[in-house]
Amino acid sequence: MSINVNNLTKTFHAAGGEVRALDDISFSVKTGEFVSIIGKSGSGKSTLLAQLGALDQPTKGEILVDGQDITKLSGRKQTTYRSKKIGFVFQQYNLIPNLSALENVMLGLEFGGAPASERKDRSFELLEMVGIDADQARRKPGKLSGGQQQRVSIARALGNDPAFLLADEPTGNLDSETGAAIFTLLHDLSRERQTTIIVVTHDLDIAGKTDRTYTLKDGKLLTK
Amino acid sequence: MNVISRGVRGALRSPIRAGAIVIMLAISIGLIIAMLAAKAGVEVRISEVKANAATGITVAPAGIRGFAGGGDPLSAEQVATIKGTEHVASVASTLTDQLGTDDTNLTPSLELGSFGQRQQRFESSSGSGAEMTPPAMTGSAATGDAMRQAPTPRTTVTGTTDPDSVATNGGELTLASGKAIDAGGAENVALIGKTLAEKNDLQPDDTFTMYGQTFTVNGIFSTDNAFQDSGVIVPLTTLQTLTEQAGAVTSATVTVDSSDNVAAVVSSLKDSLGDKADITSEQERAESSVSSLSSISGLATTGVIGATVAAAVIVLLMMTMIVRERRREIGVIKAIGGTNAKVITQFVTEALTLTVIGGIIGIGLGIAVSGSITEGLVQNQQNSAATNRQAGPGGMGGPALIRGAQQGIQNVTGTVSPAVIGGGIGLTLLIAIVGSAVPAWLIARVRPAEVLRSE
């Protein structure tokens, strides 16, 4: 499943006038590729990720996912797109605090339409795959380390076998050792499961290990 | 785990905050239940007052009120005319007399007092026709003292076709002991007021003398009215015969078949009886009672509305605060595929959970305090009515209206019926739904991109 981004532009109205967060961006990602997007703070990385994940609407341009323009989908269909084809991994992990690790993973499965009877076993499998044991699975996020929370977040993102995994600074809140472990995990996933992964990061070391790296500066894509 | 169980767990995420909210809701919902119970009790009483008092008409001989005034009693023909009037369902006839010490061996139980002495100051001694000296004027300076008889307390005897008409509560006469009399007969049987019976040490089946005849005590009655409890009740015909007033009646209480026909019956009676009778409809009295009751009902309604609005505002503010606090979480749920409907359902479930817990406690609280709150509302209304009466002008109609109003608002009790509980539950759900509406709108407006905002 490929992504083709054509002439994508996103502008915001701010007090100082119009801000072009993304300025006529075009690029493509092939199935199973591990792509990184780097750039300074405010360069438009997260804005681009939001457009790719159908979290926000671009001002102009198109995002073709297997030939279908996701920017033209209705709100309901965009929700379905997010639940079935996209997996998100966030810098802040963004686990629901009053649900256990297991329940957080089950939540993603519920939204993806997995049968209720299968969710628990599937969640345990996913958590085991990312290195979370059964005891840790029953803990709430507050009782897990940052690295463990990010692993749970990855398990949640992978629950519905998404075509793409979008990761926003997945190692940004982790120490270098843990960050490296998370990166390895993502890398292995892209290889073993043929999952297309797009990572937004500041970390040039990580970016250097991906299949392709795009650089954003002031909303423009500099490197292909 | 589905969206409902997530909502329930989410509601209890912060026990201290949830507890505080539940307490506030419980108080509001308890107040709603208590007010609904008071309103239901008042509505029942209004129906009773309208059903009972609104169909009553009192016909008294013109110029006679109790033992005061002057004129002729109603005759048998006039009573027959009353009974024959269209829409008259029944007539309770009454003749009253007073027993002096020569008329009976009963010892009066009422003290004469200054009021009684003043009432007797014009009466003659030994039938001489000489005017008695008022008690205040007795003394050495007064002339003709030897000619004047000292005032003596008397016992009231009531001949009636319906002993219940003597009851002061508008219901049935309460017998403390013994059995009723056949008020339609002409036997020498009597019901004795409780105070009078105690004074004379009388029990059922005892006898006493009156008008030179021996009477059997059938029963002892109690009305909680000092005047009535010092009297004697006998069949109307018996008293008419013994006092040589065949067919005479000093008061007729008419019951009309429907409150809608009261005005027509009053009009017919005024036409047929002319100036020989004073006719008083009890509708005015009922309206006075209903007015007082309606005030309580209105107050209760205001309380229900106020408590409902307060509870809805509590839920609204609580949910608004929770949604604002958890914008990021809402964004996460939307970003990973949660629909607006699911997120809203989860948060409405949270509101509903707290409201239902508050509702259960509130209903229990409401049932517990409904009695005292109803009592407080009635007491407040009675005090208010009393203050208004003291400030207003007096008049002949005053005592009757006061009695009417008091009888109307007495015996009002909070009624916690299934309908009240149902109403409370309905309002509780309404509170949750209304209180969640704005937060739901806020949730729908949260963009999933919120999740990408940095802390």
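Only one of A:Lys77, A:Lys60 is more than 13 Å from every other protein chain (Cβ to nearest Cβ), surrounded by fewer than 16 Cβ atoms within 10 Å (Cβ to Cβ) and under 25 Å from B:Val446 (Cβ atoms); which?
On the way: A:Lys77 fails: more than 13 Å from every other protein chain (Cβ to nearest Cβ).
So the residue among A:Lys77, A:Lys60 that is more than 13 Å from every other protein chain (Cβ to nearest Cβ), surrounded by fewer than 16 Cβ atoms within 10 Å (Cβ to Cβ) and under 25 Å from B:Val446 (Cβ atoms) is A:Lys60.
When the residues of segment A:20-57 are filtered to those that are in contact with a Lys or Arg (Cβ under 7 Å, 6 or more places away or on another chain) and polar (S, T, N, Q), which remaining residue is farthest from the other protein chains (Cβ to nearest Cβ)?
A:Ser43
I'm told A:Gly112 meets every condition in (1) within 18 Å of B:Arg447 (Cα to Cα); (2) facing chain B (nearest Cβ under 9 Å) except one. Can you identify the failing condition by its number?
(1)
Just wondering, is there one or more residues in segment B:36-46 that are more than 14 Å from every other protein chain (Cβ to nearest Cβ), in a strand (DSSP E or B), out of contact with any Pro (no Cβ under 8 Å at 6 or more places or on another chain) and modelled with pLDDT under 85?
no
Just one of the numbered conditions (1) out of contact with any strand residue (DSSP E or B) (no Cβ under 7 Å at 6 or more places or on another chain); (2) under 23 Å from A:Glu169 (Cβ atoms); (3) hydrophobic (A, V, I, L, M, F, W, C) is not true of A:Val89; which one?
Unmet for A:Val89, out of (1) out of contact with any strand residue (DSSP E or B) (no Cβ under 7 Å at 6 or more places or on another chain); (2) under 23 Å from A:Glu169 (Cβ atoms); (3) hydrophobic (A, V, I, L, M, F, W, C): (1).
Can you tell me which of (1) under 22 Å from B:Ile32 (Cβ atoms); (2) touching a Leu at 6+ places or on another chain (Cβ under 9 Å) is the one B:Leu273 doesn't meet?
Evaluating B:Leu273 over (1) under 22 Å from B:Ile32 (Cβ atoms); (2) touching a Leu at 6+ places or on another chain (Cβ under 9 Å) leaves (1) as the failure.
What's the number of the condition A:Ala134 fails, among (1) free of Cβ contacts under 8 Å to residues at least 12 places away in the same chain; (2) under 13 Å from the mean Cα position of the chain (by Cα)?
(2)
Only one of (1) out of contact with any strand residue (DSSP E or B) (no Cβ under 9 Å at 6 or more places or on another chain); (2) assigned to a loop (DSSP other than H, G, I, E, B) is not met by A:Thr178, so which one is it?
Every condition holds for A:Thr178 apart from (2).
Within segment A:94-102, can one find any residue that is among the polar types (S, T, N, Q), facing another protein chain (nearest Cβ under 8 Å) and more than 18 Å from the chain's Cα centre (by Cα)?
yes
Select from segment B:172-218 the residues that are in contact with a Ser or Thr (Cβ under 6 Å, 6 or more places away or on another chain) and of a type in the set (Lys, Arg) and write down the one among them that is nearest to B:Ser93 (Cα to Cα).
This residue is B:Lys194.
Within the set of pairs 6 or more residues apart or between chains, which connect a residue that is modelled with pLDDT of 80 or more inside segment B:431-455 to a residue that is not in a helix (DSSP H, G or I) with Cβ atoms less than 6 Å apart?
B:Pro448/A:Leu55
With the requirement that a residue be of a type in the set (Lys, Arg) and modelled with pLDDT of 90 or more, what does segment A:44-75 give you?
Selection gives A:Lys60, A:Lys72.
Quick one: in segment A:126-136, of everything that is of a type outside the set (A, V, I, L, M) and loosely packed, with under 12 Cβ neighbours inside 10 Å, which residue is farthest from A:Ala155 (Cα to Cα)? Spell out the reasoning first.
Let us first name the residues in segment A:126-136 that are of a type outside the set (A, V, I, L, M), namely A:128, A:131, A:133, A:135-136.
The next check asks that each one be loosely packed, with under 12 Cβ neighbours inside 10 Å; those that pass are A:133, A:135.
On the way: A:Asp133: 12, A:Asp135: 16 Å.
Per the criteria, the residue is A:Asp135.
Do we have A:Glu192 as modelled with pLDDT under 85, over 16 Å from A:Ser36 (Cβ atoms) and among the charged types (D, E, K, R) here?
In short, yes.
Test of understanding: among A:Gly53, A:Gly75, A:Gly44, which residue is in contact with a helix residue (DSSP H, G or I) (Cβ under 9 Å, 6 or more places away or on another chain) and touching a residue at least 40 places away in the same chain (Cβ under 8 Å)?
Exactly one of A:Gly53, A:Gly75, A:Gly44 is in contact with a helix residue (DSSP H, G or I) (Cβ under 9 Å, 6 or more places away or on another chain) and touching a residue at least 40 places away in the same chain (Cβ under 8 Å), namely A:Gly53.
Quick check on B:Gly63: is it modelled with pLDDT of 85 or more and surrounded by fewer than 16 Cβ atoms within 10 Å (Cβ to Cβ)? Spell out how you get there, then give the answer.
Values: modelled with pLDDT of 85 or more: no; surrounded by fewer than 16 Cβ atoms within 10 Å (Cβ to Cβ): yes.
No.
So, in segment B:335-358, how many residues would count as being out of contact with any strand residue (DSSP E or B) (no Cβ under 9 Å at 6 or more places or on another chain), within 8 Å of another protein chain (Cβ to nearest Cβ) and within 21 Å of A:Gln92 (Cβ to Cβ)?
Final tally of qualifying residues: 1.
Quick check on this structure: which one of B:Ile27, B:Ile23 is surrounded by fewer than 16 Cβ atoms within 10 Å (Cβ to Cβ) and either away from chain A (no Cβ under 12 Å) or under 21 Å from B:Ser295 (Cβ atoms) (or both)?
B:Ile23
Given the residues A:Ser153, A:Ser190, which is the only one that is in contact with a Phe, Trp or Tyr (Cβ under 7 Å, 6 or more places away or on another chain), surrounded by 18 or more Cβ atoms within 10 Å (Cβ to Cβ) and away from every other protein chain (no Cβ under 14 Å)?
Numbers: A:Ser153 fails: away from every other protein chain (no Cβ under 14 Å).
From the options A:Ser153, A:Ser190, the qualifying one is A:Ser190.
Name, by its number, the condition in (1) within 14 Å of chain A (Cβ to nearest Cβ); (2) without any contact (Cβ under 8 Å) to a residue 40 or more places away in the chain that does not hold for B:Ser372.
Only one criterion in (1) within 14 Å of chain A (Cβ to nearest Cβ); (2) without any contact (Cβ under 8 Å) to a residue 40 or more places away in the chain is unmet by B:Ser372, namely (1).
The conditions are (1) out of contact with any Gly (no Cβ under 7 Å at 6 or more places or on another chain); (2) surrounded by 20 or more Cβ atoms within 10 Å (Cβ to Cβ), and B:Ser47 fails exactly one of them. Which is it?
Condition not satisfied by B:Ser47: (2).
Mind telling me which of the residues B:Ser222, B:Ser268, B:Ser251 ends up being more than 23 Å from B:Pro73 (Cα to Cα) and buried (at least 17 other Cβ atoms within 10 Å of the Cβ)?
None of the other options fit; the residue is B:Ser222.
The values are calculated or read from the model by the stated rules, or taken from the named source; none is laboratory data. Given the structure is predicted, the values throughout are model-derived calculations rather than measurements. Because the Cβ atoms are built from the backbone with ideal geometry, glycine has one as well, and the counts that use them run over all protein chains shown.
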